[in-house]
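Take a look at the structure below.
The values are calculated or read from the model by the stated rules, or taken from the named source; none is laboratory data. Since we're looking at a predicted model, the values are computed, not measured. Here Cβ is always computed from backbone atoms with ideal geometry, including for glycine, and neighbour counts include all displayed protein chains. Side chains are part of the model used for accessible areas, which takes the heavy atoms of the whole protein and leaves out ligands, DNA and RNA. Shrake-Rupley method; radii C 1.70, N 1.55, O 1.52, S 1.80 Å.
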Amino acid sequence: MSLLDKFQRPLQNLRLSVTDRCNLRCAYCMPEQNYTWLPRKDVLTFEEISRLVDVFIGLGVNHIRLTGGEPLLRRDIERLIRNLADKPGVEDLALTTNGVLLEKLSERVFEAGLHRLTVSLDTLRADRFKELTKRDDLHSVMAGIDAARAVGFEGLKIDTVVMRGVNEDEMIDLIEYGKRVGAEVRFIEYMDVGGATRWSMDDVVSKSKMLDLLAEHYGGVSPVKESTCAPADRYTLPDGTVFGVISSTTAPFCSSCNRSRLTADGQWYLCLYARDGIDLREVIRSDASTEEIRSLLERSWRGRENRGAEERLIENDRKAFSSGELIDDPHFEMHKRGG
Ligand code: SAM
Ligand code: SF4
């Protein structure tokens with residue numbers, strides 16, 4: 001029997017941010033010069049993560065996604081992957097990466113038991129990539145995608161944040177690239193999350209606009225009929241190609257949201273937009289028993305009422321965080337909470 005929150009949403013999906021460090025500076029996530037980094041002593045060890053995950057699994061979590069920051073920057077990440085992949089309760093273990101280190105690491109992480117991979121890629125143009133991420137690394141990402149396929153990753157996903165005037169003109173090229181490399185592309189609406197200090201509604205390309213653009217080019221798109229808690233609405237093109245759209249800004253999926261997030265320093269957030277997290281680092285580093293940890297998680301999830309993205313839509317309460325606010329409380333950052 002699943003553990004349900006106040007809106008009957010089960011605790012199932014845990015996103016583990018394993019580091020707040022990143023080797024890119026994407027314009028929609030880390031556009032600033034300065035950041036407050038988590039002190040290393042606060043970052044959970046793999047043993048601490050593993051113990052917490054066991055308690056989460058006991059309460060119904062069966063989907064785990066490793067993220068960050070850039071998760072492949074975490075030293076010996078394959079050790080954590082092996083540990084998680086071996087847990088019988090984990091039905092689905094995935095990782096979201098910017099792909100820069102994939103060429104070097106894909107074999108190691110695949111052999112450790114990771115078989116589901118999402119690569120974030122917003123453009124296929126080297127000059128644009130450099131402008132968007134402040135690094136000249138498009139060739140590494142593409143080589144990383146090839147390497148991942150070569151070692152055996154199947155069903156790759158490519159996540160693209162679509163921004164008006166920046167890369168909306170590449171949606172078709174990205175779909176075609178996805179076809180070539182056997183990856184399903186998912187277009188994400190630009191979100192006003194912490195970190196997106198330059199966000200403006202004017203820069204958002206809505207799901208309906210994206211579908212119009214693609215339908216016009218391909219001669220139609222049809223929705224895939226499925227009922228899942230996955231955030232992406234999926235569509236097929238006339239040739240059978242499937243793609244997804246994640247419309248967190250204009251049509252959020254809060255009503256079916258079964259995910260929560262654990263930051264690298266052990267703060268548990270019940271919503272991407274939650275103001276406060278629950279400090280599991282303090283608990284795990286105290287002499288709390290497993291039963292006490294379990295009861296804290298259970299109580300917290302039962303009381304969960306968050307529907308941050310819907311509230312922002314209904315109340316039209318949107319604003320970009322200022323860089324000062326994020327320096328003062330870096331936990332608002334997307335690269336801390338794990339996108
Ligand atoms: N570094 C890894 C990567 O980029 O894939 C994992 C962490 S990143 C925070 C996870 C996802 O969040 C990426 O796909 C990124 O595109 C997305 N993201 C970050 N900021 C966003 C924003 N303002 N709106 C929409 N998606 C965003
Ligand atoms: Fe880009 Fe991911 Fe790094 Fe954010 S965490 S700057 S989305 S690569």
Problem - Glu47 versus Ile172: modelled label distance in nm, points set 7 Å from Cα along the beta carbon direction - result: 5.7
Exercise for the section: Taking 7 Å along the Cα-to-C-beta vector as the label spot, tell me the Ser289-Arg128 distance in nanometres, rounded to one decimal. Expected result: 5.8
Exercise for the section: Choose one answer from Asn13, Asn167, Asn316: the residue with the largest mean-square fluctuation in a GNM of the chain with alpha-carbon springs under 10 Å. Expected result: Asn316
Completion exercise
Diffing the range 34-39: the Karplus 3J(HN,Hα) column from phi (6.51, -1.76, 1.60, θ = phi - 60°), in whole Hz with x for Gly and Pro, holds 10, 9, 8, 8, 5, x
Fill in the blank from the handout: Counting only residues 5 or more apart in sequence or on a different chain, those whose built amide H sits under 5 Å from that of Leu95 are Leu66, Arg116, Leu117, Thr118
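Using 0.36 nm per residue of separation minus the Cα-Cα distance, give me the extension gain between Lys319 and Trp37 in nm, one decimal. Please report the intermediate quantities before stating the final value.
Details: separation 282, 0.36 × 282 = 101.52 nm, distance 2.32 nm.
The span from Lys319 to Trp37 would gain 99.2 nm if fully extended.
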Practice task
Calculate how many DSSP beta bridges within the chain are antiparallel, expressed in % of all such bridges and rounded to the nearest 5.
Solution key: 30
Exercise for the section: Have a look at Met210, Met191, Met30 and tell me which one the Gaussian network model of the chain (Cα, springs below 10 Å) gives the largest fluctuation. Expected result: Met210
Completion exercise
Per residue, accessible area of the chain with a 1.4 Å probe, heavy atoms of protein chains only, in Å², comes to 44
Handout entry: Principal-axis tilt of helix 138-151 within the chain, Cα atoms, nearest 10 degrees
Key = 70
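With runs of 4+ DSSP H residues as the only contributors, calculate the mean residue ellipticity of the chain at 222 nm using -39,500 (n - 2.57) per run, divided by the residue total and rounded to the nearest 500. Walk me through the intermediate numbers first.
Numbers: 12 runs with 112 residues, N = 339.
That comes out to -9500 deg cm²/dmol.
Give the carbon-plus-sulfur fraction of the accessible surface of the chain in %, rounded to a whole number; probe 1.4 Å, heavy atoms of protein chains only.
Working: 7010 of 14850 Å².
Answer for the chain: carbon and sulfur cover 47 percent of the accessible area.
Hey, any idea what Rg/Rh is for the chain, computing Rh the Kirkwood way over Cα pairs? Walk me through the numbers on the way to the answer.
On the way: Rg = 19.2 Å, Rh = 20.4 Å.
Answer for the chain: 0.94.
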Exercise for the section: With 5 Å bins from zero, work out the P(r) of the range 1-140 over every alpha carbon pair and list the percent per bin. Expected result: 2, 9, 18, 19, 17, 15, 11, 6, 3, 0, 0
Practice task
Please work out the FRET efficiency for the pair Leu4 and Thr236, using the Cβ-Cβ distance as r and a Förster radius of 30 Å; give the result to the nearest 0.05.
Solution key: 0.35
Handout entry: Computed over the range 220-318, Kirkwood Rh from alpha-carbon pairs, angstrom
Key = 16.1
